[in-house]
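Below: the structure, in structure tokens.
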Amino acid sequence: MIIDTLTVPDMPWINEYSWNSRTANTQFASSGALIVEVAQRQAGRPIVLQDDMLTRATVNALVAHAEATPGEFDITLGDGRQFTVMWDFAAGPISADPLQNETDPDNTSLLMGVTLRFMTI
């Protein structure tokens, strides 16, 4: 999988089927009739990728990318699908927890529950 210029291990897209490309707004007219407006969403699809474990070096590289890249970039998933995205700063772009509490972790230390959050542009 490629995130902009970073190659990282393939990660499952955990919310792939929880988004609807259509949106609707309903309201009642003064006559009591129901007015329904349906539109196709143009962007904003959340992409949440999650892995059990990644190295601290990989997560640090992703954190550095998120901090240095406030705008759009491309990701290519392991199956070849490509999306133009930006980090989802509203939800927090990256989260991870150490596998074990180490007083002096190095770049080979493992982090678990790694979650990457993007939204399509």
(message) Assuming 0.36 nm per residue, please report the length gained on full extension of the stretch residue 109 to residue 90 beyond their Cα-Cα distance.
(response) 4.0 nm
(request) Within the stretch 31-121, report the GluC sites (Glu not before Pro) that DSSP leaves as loop and that have at most 11 other Cβ atoms within 10 Å. (result) 102
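Considering only protein heavy atoms, what per residue accessible area in square angstrom results for the stretch 71-121 with a 1.4 angstrom probe? Could you put the intermediate results ahead of the total?
Details: 2920 Å² over 51 residues.
That works out to 57 Å² per residue.
With all protein chains present, how much of the accessible area of the stretch 7-114 (probe radius 1.4 Å) comes from carbon and sulfur, to the nearest whole percent?
49
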(request) Assign unit charges at the C-beta atoms only (+1 for Lys and Arg, -1 for Asp and Glu), then state the dipole size of the chain relative to its Cα centre in Debye, rounded to the nearest 20. (result) 620
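Can you pull out the chymotrypsin sites (Phe, Trp or Tyr not before Pro) in the stretch 22-121 whose DSSP state is coil and whose Cβ has at most 12 other Cβ atoms within 10 Å?
Working: sites: 28, 73, 83, 87, 89, 118; in loops: 89.
Within the stretch 22-121, the qualifying chymotrypsin sites (Phe, Trp or Tyr not before Pro) (loop, at most 12 other Cβ atoms within 10 Å) are 89.
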(request) Using a Förster distance of 25 angstrom, determine the FRET efficiency expected from the C-beta separation of residue 83 and residue 53, and round it to 0.05. (result) 0.55
(request) Could you tally the net charge around residue 79, taking each other residue with its Cβ under 13 Å from the Cβ of residue 79, Lys/Arg +1 and Asp/Glu -1? (result) -1
(message) If I model the stretch 29-121 as equal point scatterers sitting on the Cα atoms and use the Debye formula, what is log10 I(q)/I(0) at q = 0.11 Å⁻¹?
(response) -0.44
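Do any trypsin sites (Lys or Arg not before Pro) in the stretch 35-108 lie in a loop, going by DSSP, with at most 11 other beta-carbon atoms within 10 Å of their beta carbon, and if so which? Each step should come with its number before you reach the end.
Working: sites: 41, 56, 81; in loops: 41, 81.
Those satisfying the criteria are 81.
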(request) Of the options 116, 98, 25, report the single residue whose Cα projects farthest towards the positive end of the charge dipole of the chain (beta-carbon charges: Lys, Arg +1; Asp, Glu -1). (result) 25
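The values are calculated or read from the model by the stated rules, or taken from the named source; none is laboratory data. What you see is a predicted model; the values in this text were computed from it and never measured. Here the Cβ is made from the backbone with ideal geometry for all residues, glycine too, and neighbour counts use every protein chain on show. What goes into the accessible areas is simple: the full protein's heavy atoms, side chains included, and nothing from ligands, DNA or RNA. Shrake-Rupley method; radii C 1.70, N 1.55, O 1.52, S 1.80 Å.
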